[in-house]
Amino acid sequence: MAAVMMAPAATAGSSRPRTTHADATPGSLHAPHHGIDVATPSLVIPTSATTQQPITLDQIMAMVRAVQHVDARYVEHRYLHILTAPIVTRGALRFDAPDRLEKIADPNAAGSGETLKIDGDRLTISRGGDSAPVVIAMHEHPEIAVLAGSIRATLSGDGAALQRTFDVTPSGTPEHWQLVLEPRDPAERKLLQWMRVEGYGSRITAIDTADGDGDRSKMNIVEETAGQTPGQPSDQASRQPLRQPLGQPPGQPPGQPQ
C-alpha cells in the first residue's frame, strides 16, 4: 500500500536484485547525485535446518486468499532523497476482496488528512476541507495501475495477476515468508524498482518499496484487535509489526526502518 501513495517519480537506472547467500552482500541501487543508497531486497530467507521445503507463491497466495476482509492500522516511513529525515504517517488500512482498498491517514497537525480509495478501476483521492475529491481511471494511468495492482493482487491472493506484471520471488516458510516483486516492463521500473512484502500465515505485516528515483517507503501493518477504539493506533501499531520483520538487507543505509 505504501507504493500506491507515491507520485510518479523521475526516471533512473535500475539494477535487478540478485539472489545471495546469507553472508553475501547484494548490490545497491544509487540515487544519482544525492549519495543515497537504496538497498535491494535479499531474495532468500534461510529455512530452518530441517527437510522443510521453501515456500512457493501458490502456498502464500492460498493463505492470503483465505482473508476476505482486512481492518488494520499502519505506520509508514518514507525516505526521500531530497529530505534529511523520513516522513512518518499513521492511519487505517481496509481491504475487501477482491478489489476494494482504502487508506485513511490520520489528521496531521493542521487537522487535515488524506484518504485514498481504490474500487475496481477507479482511484479516488480526498484531502478534506473544501477540496473536491480527485477521481482517476487507472487504466488511463499505467504508472498508477502497476502500483495499485501489485498491492491489490497480493492482498487478494491473486498470484496469476502478479506474475503477469512482475518477476516474483517467494522465500521463507509459512511461519515467516516474503515476496519480492520486480516489474518486467522497463517503463514501469522507472516508477517502481521493486516491492517486498513480508508476512506470516495469512497475514501481511510489512510492505517495502523502492522507486526509480532512489526513494524508499516502508509500511508496517498491524490488524486491529477487539476492544480497540476504531481509528486509534494501539501501542503495538505505533512501535512494531505483529512479528519482527526479516533482517535488514546488507548495505541498507543507517536510519532506515527495521
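The values are calculated or read from the model by the stated rules, or taken from the named source; none is laboratory data. Every value quoted in this text rests on a predicted model; they were computed, and no experiment measured them. For neighbour counting, all protein chains shown are included, and Cβ atoms are generated from backbone atoms with ideal geometry for every residue, glycine included.
For the range 117-129, a residue qualifies if it is assigned to a strand (DSSP E or B) and surrounded by fewer than 20 Cβ atoms within 10 Å (Cβ to Cβ), and the qualifying residues are 117, 119, 122, 124, 125, 126.
With a requirement of 3 or more residues that are surrounded by fewer than 16 Cβ atoms within 10 Å (Cβ to Cβ), the helices (runs of 4 or more DSSP H) lying completely within the range 130-203 that satisfy it span 159-165. Among residues of the range 43-72 that are under 20 Å from residue 196 (Cα atoms), those with a beta-carbon under 8 Å from a residue that is of a type outside the set (Val, Ile, Thr) and modelled with pLDDT under 70 at least six positions away or on a different chain give the pairs 43/17; 43/18; 44/21; 44/22; 45/246; 46/22; 72/224.
Inspection of the range 193-210 identifies at least one residue that is in contact with a Phe, Trp or Tyr (Cβ under 6 Å, 6 or more places away or on another chain) and either over 20 Å from residue 223 (Cα atoms) or β-branched (Val, Ile, Thr) (or both).
Within the range 196-229, the residues that satisfy the criterion of being of a type in the set (Gly, Ala, Ser), over 14 Å from residue 155 (Cβ atoms) and at pLDDT 90 or above are 201, 210, 217. Criterion first (farther than 22 Å from residue 188 by Cβ and either modelled with pLDDT of 95 or more or part of a strand (DSSP E or B) (or both)) does residue 91 satisfy it? Criteria met by residue 91.
Here 250, 254 are screened, and the one residue that is in contact with a strand residue (DSSP E or B) (Cβ under 8 Å, 6 or more places away or on another chain), in a loop (DSSP other than H, G, I, E, B), at pLDDT below 50 and not acidic (Asp, Glu) is 250. When 59, 53 are screened for being out of contact with any strand residue (DSSP E or B) (no Cβ under 7 Å at 6 or more places or on another chain), at pLDDT 95 or above and not basic (Lys, Arg), only 59 passes. Of 175, 223, 182, all but one fail to be touching a Leu at 6+ places or on another chain (Cβ under 8 Å) and either within 21 Å of residue 89 (Cα to Cα) or among the acidic types (Asp, Glu) (or both); the exception is 223.
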